[in-house]
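The values are calculated or read from the model by the stated rules, or taken from the named source; none is laboratory data. All of these numbers come straight from a predicted model, not from anything done at the bench. When we count neighbours, we look across all protein chains shown, and the Cβ atoms used for this are built from the backbone with ideal geometry, even at glycine.
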Amino acid sequence: MNVRSLRFKLGWTNALLITVVFLAIGFIRYEVLSYRAHLSFDSDLLEDARDFATRLHFPESGAVTISTEGLPPSEVLALERIRPYFAVTDLKGTVLRPELHSAYIQDMLDAGALSEVLRSHSGFSRAEGVDGRQIRFYSLPFAAGASAEQVILHVGQSTEPIEAVIRESLLIYLYSVPLIIFVSGAIGWLLAGRALKPFEDVAQVAGLITSKNLNMKVVTPHKEIEVQRLVDAFNSMVGRLNRSFEQLRQFNADAAHELRTPLAILQGETEIALNSMDLPEDTRSLLASNLEELDRLTRVVNEILTLSEAEAGTRNISKVPLDLKPLLEDLVEHLNLLALDMDVRIHLPQLSAAVIEGDELWIRRAIINLLDNAIRYSKPGSNIWVAATVDGERVRLSIRDQGIGISAADIPFIFDRLYRADPARSRNSGGSGLGLSLVKWVVEAHEGTVHVSSRPDEGSEFTVEIPLARAHSSISGLLQG
Ligand code: ADP
């Protein structure tokens, strides 16, 4: 799970929004529930108080009675519920008939908890019981006895049961918050994943397009307008790039082609001039150096032309079963002559067959470039080892030298065109800076890979891996003896 991904952000935003909405609804629900519960409580209390007042026989002297005659059992029960929580006072708040009080009310009176209630002539008030319970009172004036003296009846009820219900519903709500966050987050994550899937698919297909297959188009089965718009925009951008690339390639090929003839003429004429007998020595050495430069230039131009043609597909690769064993033996034999000139020895161990699907000319060219580099960048008296091993479905060809090596900073660029790690040295050795680009192109055209490991002053090892031809891919084992 990547926290910087759009999917994560969408999932998280979804969870946050749903939780906020859930909490807001919860808060409103709680407030409404609490308001209605208290309202209903008050109206019940008021009704109970009035009933109680009508049933309370309160003579100026003599016994106070509560008549329940003719009442249905439910109302008798309601009256019984009130009995522990009532008090009667005169208009000044002096308690009348204390013998009527329950122990609970007496305790509250003793503790002074009822002073506010007793002062009230009518309406609701609140007091805290000695056990901490909240009691809501309703004070109701009524006429007592025959003289119809005004007294106040204070009737109470504990709010504990409704508070408990409200508290419980709030707790249930709060406990469900983490669950809601989790569920809404998971749903958001899944939905965002589904919504973004088409874009991921498009990105995957788009990732397969490189400078070598710019003529490809992204096609997606997802028909959503947004996805199609992205795909269309991408395809038209790739189309424009393809056209620019084509023009560049064409220009390279045309330029190289145009340069070949005048270069050949210059080369020929310089050779003729060099052959004439009566040349002063300094002019001769000048012409010889010109000829060397012309040689190099011709090589560069030829390689540019080859690369452009290869990339444009005008020179096709025709793959046939190709055994690397005789090819390597032949190349090493030929290049040994060049190596001996530089006092370098090439070692090629006994090989066994390694057949790939390849174009002999191109493969030959790529291996020559690698061997040629190994020789040119070797130190006199050093060795070069060539090896080819079959590893499962692939053949691994390695060329290791004890030459000048390549610095870590240069390694990422040496396969780029015209890149030379040490231009002065490369130029002296006749390098064009195009050899490795061609190697890379050839190897990749054979579905292979090429990489290098190197240390300055210790040497380099270039490793090429190419798939074996299908019928031969089961042959495994060491090719070197
Ligand atoms: P060049 O024709 O200049 O050799 P390449 O494309 O063949 O061009 O190689 C690019 C650069 O990589 C070279 O200029 C050289 O600096 C470096 N290089 C290639 N092969 C080797 C090697 N075997 N040892 C040391 N440096 C190498």
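Quick grid of which residues meet (1) under 22 Å from L468 (Cβ atoms); (2) of a type in the set (D, E, K, R):
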| residue | (1), (2) |
| --- | --- |
| G358 | yes, no |
| K379 | no, yes |
| G392 | yes, no |
| I406 | no, no |
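Just one of the listed residues (L371, L340, L335) is free of Cβ contacts under 8 Å to residues at least 12 places away in the same chain and more than 22 Å from V320 (Cα to Cα), namely L340. Every condition in (1) part of a loop (DSSP other than H, G, I, E, B); (2) modelled with pLDDT of 75 or more is met by S74 except one, and the failing one is (1).
Residues in segment 350-402 that are more than 13 Å from G435 (Cα to Cα), within 14 Å of the ligand (Cβ to nearest atom) and β-branched (V, I, T): I375, I384, V386, I399. Residues in segment 25-43 that are closer than 12 Å to Y173 by Cβ and either touching a Gly at 6+ places or on another chain (Cβ under 8 Å) or among the hydrophobic types (A, V, I, L, M, F, W, C) (or both): I25, F27, I28, L33.
For segment 153-173, filtered to residues that are in a helix (DSSP H, G or I) and touching a residue at least 40 places away in the same chain (Cβ under 8 Å), the residue that is farthest from L79 (Cα to Cα) is Y173.
In segment 353-380, the qualifying residues are those that are in contact with a helix residue (DSSP H, G or I) (Cβ under 7 Å, 6 or more places away or on another chain) and of a type in the set (G, A, S), and the one that is modelled with the highest pLDDT is A366. Checked against (1) more than 9 Å from the ligand (Cβ to nearest atom); (2) modelled with pLDDT under 90; (3) crowded, with 19+ Cβ neighbours inside 10 Å, A471 meets all criteria but (3).
Scanning segment 64-76 for residues that are of a type in the set (S, T, N, Q) and in contact (Cβ under 8 Å) with a residue 24 or more places away in the chain turns up nothing. Every condition in (1) within 22 Å of V300 (Cα to Cα); (2) more than 16 Å from the ligand (Cβ to nearest atom); (3) assigned to a loop (DSSP other than H, G, I, E, B) holds for F415 except the one numbered (2). Within segment 289-303, does at least one residue satisfy the condition of being closer than 25 Å to L214 by Cβ, surrounded by 13 or more Cβ atoms within 10 Å (Cβ to Cβ), of a type in the set (D, E) and at pLDDT below 90? The answer is yes, given that some residue of segment 289-303 is closer than 25 Å to L214 by Cβ, surrounded by 13 or more Cβ atoms within 10 Å (Cβ to Cβ), of a type in the set (D, E) and at pLDDT below 90.
Residues that are surrounded by fewer than 21 Cβ atoms within 10 Å (Cβ to Cβ) and assigned to a loop (DSSP other than H, G, I, E, B) within segment 359-394 comprise D359, K379, P380, G381, S382, G392, E393, listed in sequence order.
Of the numbered criteria (1) on the phi > 0 side of the Ramachandran plot; (2) within 7 Å of the ligand (Cβ to nearest atom), the one L434 fails is (1).
Quick grid of which residues meet (1) out of contact with any His (no Cβ under 8 Å at 6 or more places or on another chain); (2) touching a residue at least 12 places away in the same chain (Cβ under 8 Å); (3) not in a helix (DSSP H, G or I):
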| position | (1), (2), (3) |
| --- | --- |
| I82 | yes, yes, no |
| L91 | no, yes, yes |
| G112 | yes, no, yes |
| E116 | yes, no, no |
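Yes or no: segment 125-148 includes at least one residue that is in a helix (DSSP H, G or I) and β-branched (V, I, T). No, the conditions are met nowhere in segment 125-148. Check segment 49-69 and report whether any residue there is touching a helix residue (DSSP H, G or I) at 6+ places or on another chain (Cβ under 6 Å) and exposed (fewer than 12 other Cβ atoms within 10 Å of the Cβ). Yes, some residue in segment 49-69 is touching a helix residue (DSSP H, G or I) at 6+ places or on another chain (Cβ under 6 Å) and exposed (fewer than 12 other Cβ atoms within 10 Å of the Cβ). Taken over segment 399-418, the criterion of being β-branched (V, I, T) and either surrounded by 18 or more Cβ atoms within 10 Å (Cβ to Cβ) or in contact with a His (Cβ under 7 Å, 6 or more places away or on another chain) (or both) is satisfied by I399, I404, I406, I414.
Scanning segment 276-288 for residues that are loosely packed, with under 15 Cβ neighbours inside 10 Å and either of a type in the set (G, A, S) or in a helix (DSSP H, G or I) (or both) yields a count of 8. Applying the condition of being of a type in the set (D, E) and crowded, with 16+ Cβ neighbours inside 10 Å to segment 440-468 and asking which residue is nearest to the ligand (Cβ to nearest atom) yields E461. The selection criterion, being touching a residue at least 24 places away in the same chain (Cβ under 8 Å) and either in contact with a Ser or Thr (Cβ under 6 Å, 6 or more places away or on another chain) or not in a loop (DSSP other than H, G, I, E, B) (or both), holds for T298.
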